[in-house]
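The values are calculated or read from the model by the stated rules, or taken from the named source; none is laboratory data. The structure presented is a predicted model; accordingly, all values stated were derived computationally and were not measured. Neighbour counts are summed over all protein chains in view; Cβ atoms, including those assigned to glycine, are modelled from backbone coordinates with ideal geometry. When the accessible area is computed, the model is the full protein with side chains, heavy atoms only, and any ligands, DNA or RNA have been set aside. Shrake-Rupley method; radii C 1.70, N 1.55, O 1.52, S 1.80 Å.
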Amino acid sequence: ASRVFLDISDRVSRRGNEEGLNGFAFHPKFKKNGFVFCHYSSDRERTGDQNVAASVISRFKLSDDPNVVDPATEKVLLTIPQPFENHNGGAMGFGPDGHLYFSLGDGGYANDPMGNGQNLSSMHGAINRIDVDMESNGKPYGIPADNPFVAVPQAAPELFAIGFRNVWRFSFDRKTGDLWAGDVGQQRTEEVDIVQKGGNYGWNRYAANDDLAKK
């Protein structure tokens, strides 16, 4: 018989058309520490604004039962407001370097009205990377020293690569370590990228090879 491994339905919003439990990952040392990580849409009560949801990155731990995660062990690492109900990203996974990667969409609606795709001060429209095995600068996580924008004034230090519309899934090649990402296009063009550290994948100026600036 099947069993529920983790139930956090009391804190996950599904009100928006792209909200919900969007990502899940086991810590590389899960067998030792029992840690799992979730990327989910919060309910509006948690953000304090009935018009604004948020993307939440959290850590949970196994209960005394090795087949059940204890929801009460939640440690919230990040709460990122979502200006619209779509483009929450949601992909999450540990890279070969042991760091946690997660994607956020451009914030939603259409045409990237917030300009997040090319905004280095925002974690939206990007793939981000954090160190979940340390805490630094008052945050419940660390920033890898070689993150590409850590020395750029006003840039979000979590950024790994930018210029995405809505990476909803990504995966690391087990042999090469390459990071492959699927980015949702707008109306015409979808995109699959091999993501490089510090790379800019064009949105909202480009969608794949489609130069939007000419339109």
Quick check on my filter: what residues within the range 15-31 are open to solvent by 50 Å² or more (accessible area, probe 1.4 Å) and assigned to a loop (DSSP other than H, G, I, E, B)?
15, 17, 18, 28, 29
Here's a check for you: in the range 74-85, which residue that is open to solvent by 30 Å² or more (accessible area, probe 1.4 Å) and of a type outside the set (D, E, K, R) is nearest to residue 38 (Cα to Cα)?
76
For the range 56-107, which positions are touching a helix residue (DSSP H, G or I) at 6+ places or on another chain (Cβ under 7 Å) and not charged (D, E, K, R)?
81, 107
Test of understanding: among 177, 198, 182, which residue is modelled with pLDDT of 95 or more, of a type in the set (Gly, Ala, Ser) and closer than 22 Å to residue 84 by Cα?
182
Selected residue (criterion: modelled with the highest pLDDT) from residues of the range 109-123 that are open to solvent by 10 Å² or more (accessible area, probe 1.4 Å) and touching a Gly at 6+ places or on another chain (Cβ under 6 Å)
116
Considering residues that are open to solvent by 40 Å² or more (accessible area, probe 1.4 Å) and among the small types (Gly, Ala, Ser), the number found within the range 171-215 is 2
Between 106, 97, 64, which is open to solvent by 60 Å² or more (accessible area, probe 1.4 Å), outside any strand (DSSP E or B), over 22 Å from residue 7 (Cβ atoms) and not aliphatic (A, V, I, L, M)?
97
Checking the condition closer than 21 Å to residue 172 by Cβ and out of contact with any Cys (no Cβ under 6 Å at 6 or more places or on another chain), which residue from 25, 1, 53, 72 passes?
25
From the set of residues in the range 124-170 that are of a type in the set (S, T, N, Q) and either surrounded by fewer than 16 Cβ atoms within 10 Å (Cβ to Cβ) or over 12 Å from the mean Cα position of the chain (by Cα) (or both), which is farthest from residue 25 (Cα to Cα)?
154
Applying the selection to the range 180-215, what residues are part of a strand (DSSP E or B) and among the aromatic types (Phe, Trp, Tyr)?
180, 206
